[in-house]
Amino acid sequence: MSRDRFLVWDFDGTLAVRPGSWTAVVCELVAGARPDLEMTAEGLRPHLQSGFPWHTPEVVRAPCSADEWWSRLLPVLAGAVQRASGVGDVEARRLVAGARAAYLDAKRWQVFDDVRPALEQLRDRGWTHVVLSNHVPELAALIDTLGFGDLITAVHCSGCTGVEKPHPRAFETVLTAHPDARAGWMIGDSLQADVLGARAVGMRAILVRSTHPNAPVHCPTLTQVVDVVGGPSVE
């Protein structure tokens, strides 16, 4: 019996990016409501280095609703604004109240130019695409809005499962749903979360859009990924 062939993709930084990420979201919100605070990315960024679920991937959280997920994140964003600007808690929470809508605004996201051509070529070679990402609960809808959801068979997102890469259970969510994926590849831009996390559960992995000496396989673009996975096996 032939096996299905799976490629497991990271999302943020691999398939698409929101320039400036969370720092840009918060700065945009503050600039719109309180330009007098003169919030800058440089001033805010150091205060956003903790508090997100993926900062503590060793902690497995119970699945929760999207509303609850965001209700837990907003105090993290508000706290960063407080520390960066000196405003009080009530004002900081008011300033970041629109973070959910701002972050999910598809017009602010950029899909890398090589994504659709590469995913289509790989699909035509018999590969099935799955996303595994440390991301917000609405990731599947965001992928659809960004225009390549038709190429993705399933989305496994930490915002829904409560498990962050590189925790083995994050990968097991994919492997339970798609057992043949273990013989496929994990593809992402993070050495720790994507490459080392995948190899710890017996998967091959490709580091994309960056290089690292501890990554057995790396590809500057997804065009090179097509060549790697479509050719002889690379261990």
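The numbers here are math on the coordinates, done by the rules we state, and not lab data. Worth saying up front: this structure is predicted, and the values here are computed from it rather than measured. Neighbour counts are summed over all protein chains in view; Cβ atoms, including those assigned to glycine, are modelled from backbone coordinates with ideal geometry.
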What do you get for the angle between helix 66-85 and the principal long axis of the chain? Use alpha-carbon atoms, 0 to 90 degrees, nearest ten.
50
May I ask you to derive the relative contact order of the chain, considering only C-alpha pairs under 8 Å and at least 6 residues apart, and to give it as an integer percent?
25
Scan around residue 9 for amide H atoms under 5 Å from its own, H built in the peptide plane at 1.01 Å from N, and keep only partners 5 or more places away or cross-chain.
130, 131, 132, 187
So what is log10(I(q)/I(0)) for the chain at q = 0.09, 0.10, 0.12, 0.16 1/Å, when the Debye sum runs over its Cα atoms only?
-0.40, -0.49, -0.69, -1.13
Percent of C-alpha pairs per 5 Å bin, region 21-107, short to long:
3, 14, 26, 26, 17, 10, 4, 1
When the charge dipole of the chain is computed with +1 on Lys and Arg Cβ and -1 on Asp and Glu Cβ about the Cα centre, the Cα farthest towards its positive end, among 50, 188, 74, belongs to 50
Using a 10 angstrom cutoff on alpha carbons, build the Gaussian network for the chain and name the most mobile of 73, 132, 119.
73
Helix 115-124 against the longest principal axis of the chain: what's the angle in degrees, Cα atoms only, rounded to the nearest 10?
30
In whole Å, what three semi-axes, largest first, describe the equivalent ellipsoid of region 98-190 built from its Cα gyration tensor (square root of 5 times each eigenvalue)?
22, 19, 10
Just want the ordering: 227, 12, 144, 194, from fewest to most Cβ atoms lying within 10 Å of their own Cβ.
227, 144, 12, 194
Relative contact order of region 21-107 (C-alpha contacts under 8 Å, at least 6 apart) in percent is 36
Choice from 219, 64, 27 with maximal GNM fluctuation in the chain (Cα, 10 Å cutoff):
64
In whole Å, how far is the Cα centre of region 169-235 from that of region 93-158?
18
Max mean-square fluctuation residue, GNM over the chain, Cα-Cα springs under 10 Å, options 170, 205, 41
41
